[in-house]
Each structure stands twice: as C-alpha cells, then as structure tokens.
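Below is one structure, written out as structure tokens; comments come after it.
The values are calculated or read from the model by the stated rules, or taken from the named source; none is laboratory data. Only a predicted model underlies this, so the values are computations on that prediction, with no experimental measurement involved. Quick reminder, even Gly has a Cβ in these numbers, built from the backbone with ideal geometry, and neighbours come from all protein chains shown.
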Amino acid sequence: MASSTVLSSNPRVFSSTVSDHHTHHHCCPLPQSPTVPKSFSGLCKPFHSRVPTSIRHRGFLVKATVIKWRCPKQSLPPNCDFDFQKKVLYLESIGIDSSSLIENHPTVISASSLPNIRSTVEFFTSMDFSAIEFRRIVGMCPEILTSRVSDILPVITFLIREARVNGSDIKRVVNRRPRLLVCSVTEQLRPTLYFLQSIGMEEVNRHTYLLSCSVEEKLIPRIDYFENIGFSRHDASTMFRRFPPLFNYSIKNNLEPKYKYFVVEMGRDLKELKEFPQYFSFSLESRIKPRHKLCVEMGVCFPLPGLLKKNESQFRNRLDVCVNSSTPLKTSPLWCSNCEVD
C-alpha cells in the first residue's frame with residue numbers, strides 16, 4: 001500500500017490513502033502554520049519528495065503539494081492528527097525533508113512534540129547556527145529532534161568547563177560531531193575525557209569528536225591491538241597521544257592490512273611507526289604501495305615522512321634527486337639524510 005499526505009496552501013488539508021483497488025478522500029481543517037525562525041525563512045527549494053499536484057474535490061480543483069512516503073513498509077499513523085501534521089509542516093518549513101526523516105528514523109518524529117522541536121530550533125538559532133547548519137546536524141544526528149534544551153545545556157557546559165573548549169569554538173565542535181549533544185555527560189562524555197587524559201592527552205579540546213566514543217568498545221581495543229603486535233603499553237599510548245585520529249580507524253579494514261604490509265613487504269622496524277603513527281592515515285593502495293614499490297625499483301629508501309607526506313609532484317622530484325645523485329652507503333651515518341623530506 002502506498003501512502004501520501006496532501007498539504008494544501010488553502011486552509012484545508014486533504015489526506016488520502018491509495019490502494020490498488022480504491023481511493024478514499026478525507027477532508028479536515030489544516031492547523032495554523034507554525035512560526036518559523038527568521039533566520040530559517042527562505043531556506044531552500046522544495047524537496048524532490050514534495051510533488052505539486054492538482055486534486056478535484058467536491059467539484060473544485062485544488063492545487064496542493066503531495067509529500068510522498070517512499071518506504072513501502074512505512075505509512076502514516078492510522079490516526080493522523082493535527083499534531084503530527086503540524087510537526088510535518090514545521091519540519092518542512094525549516095528545510096528538513098520530513099518524508100526522508102520518517103522513512104529512515106520513524107521513531108524520531110513520533111517521539112518529538114512540536115513545542116520541543118521548536119524550542120530546540122530556537123536554541124540553535126540563538127547560538128547563531130544557520131538553517132543549513134541545523135539541517136546538516138539533523139541529517140547526521142536525527143536524535144537532536146528528540147532532545148530537550150534542558151538536556152543539551154549540560155553538554156555545552158561540560159564542553160566549556162571540563163573539556164576546555166572555547167565558547168567561540170562550540171559551533172565548530174558541534175558541527176563536526178553533533179552526536180555529542182545527545183550523549184550523557186555522566187555516563188559517556190566525562191568517563192571518555194578522563195580516559196583520554198589518563199593516556200596523557202592534554203589538548204582534548206582539539207579532539208572533542210572522540211568524547212562520544214565508547215572507551216570499552218572503541219578506544220581500549222585499539223590500544224590493545226598495538227600492544228598485541230609488539231608495542232609496549234606505554235609506546236602504544238604514546239602513538240595515540242601523538243596522533244589521536246588513530247582511534248577512529250578500523251582495526252580490520254585499516255590498521256591490520258597496513259601493519260602487515262609494513263612488516264612483510266616493506267620490512268621496516270616498529271620504531272618507525274612509533275615515531276610516525278600518521279602512516280595509518282595514508283591510503284594503502286593509492287599511496288603506500290605504489291610509492292614503496294617505486295622506491296624499491298629505484299634503489300632508494302625514504303623514511304616514512306619522506307615517503308608519504310609530500311604530494312606526488314614533490315615526491316617524484318625528490319626521488320629524481322636521490323636517483324641522480326651519489327648516495328652514501330647504508331652503513332654511513334649520512335645514509336638517507338640527503339633524501340630526507342621535511
């Protein structure tokens with residue numbers, strides 16, 4: 001069964017449920033249009049899911065907009081009341097595709113009341129978030145719509161007072177990781193902060209995206225992985241302190257294959273990874289492998305930063321310099337110093 005809601009610009013709304021065998025029309029008054037924050041007005045063009053159409057009702061031709069619910073398993077609630085219609089209208093008025101929201105996160109819109117949604121929107125506008133930023137935040141974390149302002153304020157307070165985020169940086173922090181705002185301070189954010197500080201990370205305010213990560217399920221397993229492949233606990237912690245994005249890399253799809261290539265194909269010492277954990281941030285197929293193979297063919301051995309950090313043109317130029325110049329013997333203390341890339 002395909003379902004659709006028809007929202008007319010006239011003070012009447014027509015709801016219809018269409019099946020393969022019959023069509024039934026129901027007419028009821030349209031609720032008052034919700035108030036839209038000034039900064040959110042004129043946000044964007046209608047979404048592709050909102051299709052202009054015409055409906056003949058009781059002898060009158062009515063122009064309307066049909067919002068189609070595309071998910072075949074999802075339909076409007078059987079008693080589609082005014083409160084639900086108001087929420088749909090309000091979300092659409094601030095540029096949020098309500099049909100996509102209901103299709104992918106049906107519980108979000110049903111669990112949110114219009115006053116709470118409006119209060120949340122007004123809170124974000126008071127913090128100078130633009131309409132486009134708010135729409136992106138909802139896209140990344142729809143649960144924002146179910147949060148009360150009273151739930152969000154403790155998170156903002158925590159970020160400023162405990163994580164030492166400057167007030168002027170709050171927007172940047174939230175835009176990068178909206179999920180922070182739906183995390184519990186006591187059960188999630190504060191324990192993660194303490195863990196990061198325990199491994200010596202002093203500037204957590206530069207890596208606040210990590211605060212929403214689970215210590216037990218994500219952070220500790222990655223440190224354990226490096227300890228299992230031969231690093232001491234201290235050295236593993238040093239690597240993560242030196243390059244915190246390591247916490248975000250998949251063990252199976254990133255760390256493991258790159259580590260194996262490093263020790264098996266490149267034959268390098270783990271000390272180099274300790275000094276340059278950024279190695280894991282480079283693409284194995286498009287940068288690490290081709291550059292290593294080219295260096296082997298040319299008989300040149302760059303340190304990891306020299307091998308990976310520079311762009312392709314700079315790398316090729318440095319390689320040409322090394323190939324066309326006299327290279328010290330490997331036993332010489334000058335070996336590779338003429339090939340170092342800052």
* Could you give every pair whose Cβ atoms fall below 6 Å, whose first residue belongs to segment 226-240 and is within 16 Å of LYS258 (Cβ to Cβ), and whose second residue is of a type in the set (Asp, Glu), counting only separations of at least 6 or pairs across chains? -> ALA236/GLU227
* Which condition number in (1) crowded, with 18+ Cβ neighbours inside 10 Å; (2) at pLDDT 95 or above; (3) more than 28 Å from ARG164 (Cβ to Cβ) is the one that CYS295 fails? -> (2)
* Single residue of segment 122-148 satisfying the filter (touching a Pro at 6+ places or on another chain (Cβ under 6 Å) and buried (at least 16 other Cβ atoms within 10 Å of the Cβ)) that is farthest from ILE94 (Cα to Cα) -> CYS141
* In segment 92-102, which residues are closer than 12 Å to PRO142 by Cα and either modelled with pLDDT of 85 or more or surrounded by fewer than 19 Cβ atoms within 10 Å (Cβ to Cβ) (or both)? -> ILE96, ASP97, SER100, LEU101
* To do: Kindly indicate the residue of segment 165-174 that is in contact (Cβ under 8 Å) with a residue 12 or more places away in the chain and over 14 Å from LEU210 (Cα atoms) and also surrounded by the most Cβ atoms within 10 Å (Cβ to Cβ) among those meeting that condition.
  => ILE170
* Asked: Within segment 186-203, can one find any residue that is in contact with a helix residue (DSSP H, G or I) (Cβ under 8 Å, 6 or more places away or on another chain), at pLDDT below 95 and among the basic types (Lys, Arg)?
  -> no
* Can you run down the residue pairs with Cβ atoms below 8 Å, 6 or more apart or on separate chains, where the first is in segment 138-162 and without any contact (Cβ under 8 Å) to a residue 60 or more places away in the chain and the partner is buried (at least 16 other Cβ atoms within 10 Å of the Cβ) and of a type in the set (Phe, Trp, Tyr)? => VAL149/PHE123; ILE152/PHE123
* To do: Read through the list (1) within 21 Å of the chain's Cα centre (by Cα); (2) free of Cβ contacts under 8 Å to residues at least 12 places away in the same chain, then give the number of the only condition that LYS271 fails.
  => (1)
